[in-house]
Amino acid sequence: MINDAIQVRYPLLAEPATNLYEHVEGLVRTHWQRTVPEFLRREPHYEDLLYAIFAVAAAYPAGAATSALGAVVTAKGMPDVSLFGRHATPVGPDTLRDLGRASVDAVVEAFRERCAASEADKASEFARLQVLVAALQAEFDVAVVTLNYDNVMYRAFPGIETGFDPATGIFDQERILRRSGWACMLHLHGSVHFDMQPGPTGDMHEIRWQPDIRGRFHQNAGGRSTRSHVEGIDFPTSVIVAGYGKTTQILKRPFRTYYSELDRLVAGCDAVLFAGYGFGDEHLTVAFEGFRDARNRPVAIIDFARDDAMTMGGADLGGPNAMVDEMVRTFLTEPRTMRALGYAAPQTVADLRAAREFETCVDPATPLAIWYNGMLAACDAPSKVLARLA
């Protein structure tokens with residue numbers, strides 16, 4: 001979704017069939033191939049690349065705003081680009097920052113297009129999600145915390161409190177912080193419905209809610225100045241939080257409000273259901289430190305794994321597993337207390353998947369359950385999900 005947009009904007013001058021974003025991706029991939037052991041190696045994703053782009057831009061001199069980073073890091077030379085295929089342009093810090101902003105815009109725009117298309121293309125899958133949501137709401141007051149930019153969960157909880165006035169689209173943190181009920185939805189990394197247009201304060205960067213996913217949006221990070229910070233790395237003024245440095249990027253409403261409310265939700269909830277979360281976002285996971293207390297609250301995790309993946313109880317036999325390591329650290333559930341269909345012996349998840357059952361913890365002080373069949377299969381088994389939250 002990023003590559004196509006950047007191919008139009010920044011094709012390489014000497015190799016017009018490729019572009020600056022692909023060039024950075026190749027540099028990162030080659031660097032990891034040379035320095036990272038093969039069993040730990042992975043493919044770079046867009047957040048890795050955004051981090052590299054914004055960090056290297058900070059290594060260039062910038063007058064009074066010159067970062068100390070340049071004293072110990074030297075930016076590698078980049079090939080010249082052909083701006084929109086028309087103008088030969090050397091790559092410097094301004095080009096790199098614009099590359100990052102354009103990449104973020106491309107993500108938002110692609111997500112909006114896919115969300116609009118999914119209303120028809122994924123209608124049957126959405127109906128299955130609604131079955132699970134209805135079952136959860138019948139048993140619990142549900143608050144939703146999402147890292148996803150899409151609007152799937154928002155559509156599944158129509159009318160849920162987001163902090164934005166439905167009539168004006170203006171964000172009012174009191175709608176979140178002083179609401180009387182429990183239900184709310186916190187878009188920690190932004191939403192396809194977020195837009196930027198001047199509000200009552202005249203702030204042209206104020207984030208507002210645009211209910212029509214097919215309507216006109218004005219966020220355009222590429223046309224806005226970057227947000228500078230004392231650390232030296234500039235980030236886009238965007239409606240989403242993308243790349244690394246998220247703890248810096250969230251210093252803006254509604255993100256600040258959402259993160260303050262997250263701590264209250266974690267402290268007051270009766271149970272937690274994770275869906276599709278890999279425990280790789282420290283700024284979210286840290287909210288659950290201290291979660292284990294005398295209440296012995298249950299944690300259920302909806303995940304997807306291939307048949308040959310190891311269960312949590314056998315994770316030490318399957319090579320490094322950062323997700324399991326983080327779950328153990330956060331929820332204090334020891335892998336040896338996990339059971340697959342009643343058995344403690346290490347095994348793959350194949351039998352659990354075939355039976356469509358959770359791997360479960362037998363220690364009542366650290367209740368944890370993991371589902372390996374993916375989200376849609378969980379939607380088809382709401383009673384099993386509810387049983388793990390009781």
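So here's what we get for this one:
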read-out: Part-to-part distance (alpha-carbon centres) for region 90-109 and region 284-334, which is given in Å; value: 36 Å
read-out: Sum of side-chain charges, Tyr372 neighbourhood, beta-carbon under 11 Å (Lys, Arg +1; Asp, Glu -1); value: -2
read-out: Region 149-195-region 247-269 distance, computed between alpha-carbon centres (Å); value: 13 Å
read-out: Efficiency of FRET from Cβ geometry, Ile170 and Glu125, R₀ 35 Å, rounded to 0.05; value: 0.60
read-out: Candidate values [x] 21.8; [y] 27.4; [z] 17.3, label of the one derived for mean projected area of the Cα convex hull in nm²; value: [x]
read-out: Estimated distance in nm for a label pair at Ala350 and Val8, the labels positioned 7 Å out from Cα along Cα-to-Cβ; value: 4.8 nm
read-out: Alpha carbon Rg of region 260-390, scaled by the compact-globule rule 2.2 N^0.38 Å; value: 1.00
read-out: Per-pair calculated FRET efficiency, R0 = 35 Å: Met1 and Ser260 via Cβ, rounded to 0.05; value: 0.65
read-out: Probe 1.4 Å, all protein chains present, accessible-area order of Asp94, Asp165, largest first; value: Asp94, Asp165
read-out: Choice from Glu38, Glu25, Glu334 with maximal GNM fluctuation in the chain (Cα, 10 Å cutoff); value: Glu38
read-out: Neighbourhood net charge (9 Å Cβ-Cβ; Lys/Arg +1, Asp/Glu -1) for Ala340; value: -2
read-out: Area of Lys122 that stays accessible when all protein chains are in place (1.4 Å probe, Å², to 10); value: 110 Å²
read-out: Unit charges on C-beta of K, R, D, E only; dipole of region 7-76, Debye; value: 160 debye
read-out: Max mean-square fluctuation residue, GNM over the chain, Cα-Cα springs under 10 Å, options Val108, Val152, Val142; value: Val152
read-out: Computed [θ] at 222 nm, helices only, for the chain once each DSSP H run of length n ≥ 4 contributes -39500 (n - 2.57); value: -10500 deg cm²/dmol
read-out: Area of Glu109 that stays accessible when all protein chains are in place (1.4 Å probe, Å², to 10); value: 90 Å²
read-out: Of Ser103, Ser191, Ser180, the one that fluctuates the most in a GNM where the chain has Cα springs shorter than 10 Å; value: Ser180
read-out: Debye, to nearest 20: dipole size of region 93-189, +1 on Lys, Arg Cβ, -1 on Asp, Glu Cβ; value: 140 debye
read-out: The chain: angle of helix 93-121 to the longest principal axis, Cα-based, in degrees nearest 10; value: 40 degrees
read-out: Probe 1.4 Å, all protein chains present, accessible-area order of Ser260, Ser238, largest first; value: Ser260, Ser238
read-out: Solvent accessible area, Å² - Thr226, 1.4 Å probe, full protein context; value: 30 Å²
read-out: Length gained when the stretch Thr89-Val362 is fully extended (0.36 nm per residue, less Cα-Cα span); value: 92.1 nm
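The values are calculated or read from the model by the stated rules, or taken from the named source; none is laboratory data. Since the model is a prediction, treat every value here as computed from it, not as a measurement. For neighbour counting, all protein chains shown are included, and Cβ atoms are generated from backbone atoms with ideal geometry for every residue, glycine included. Note: accessible area is taken over every heavy atom of the protein model, side chains too, but ligands, DNA and RNA are not part of it. Shrake-Rupley method; radii C 1.70, N 1.55, O 1.52, S 1.80 Å.
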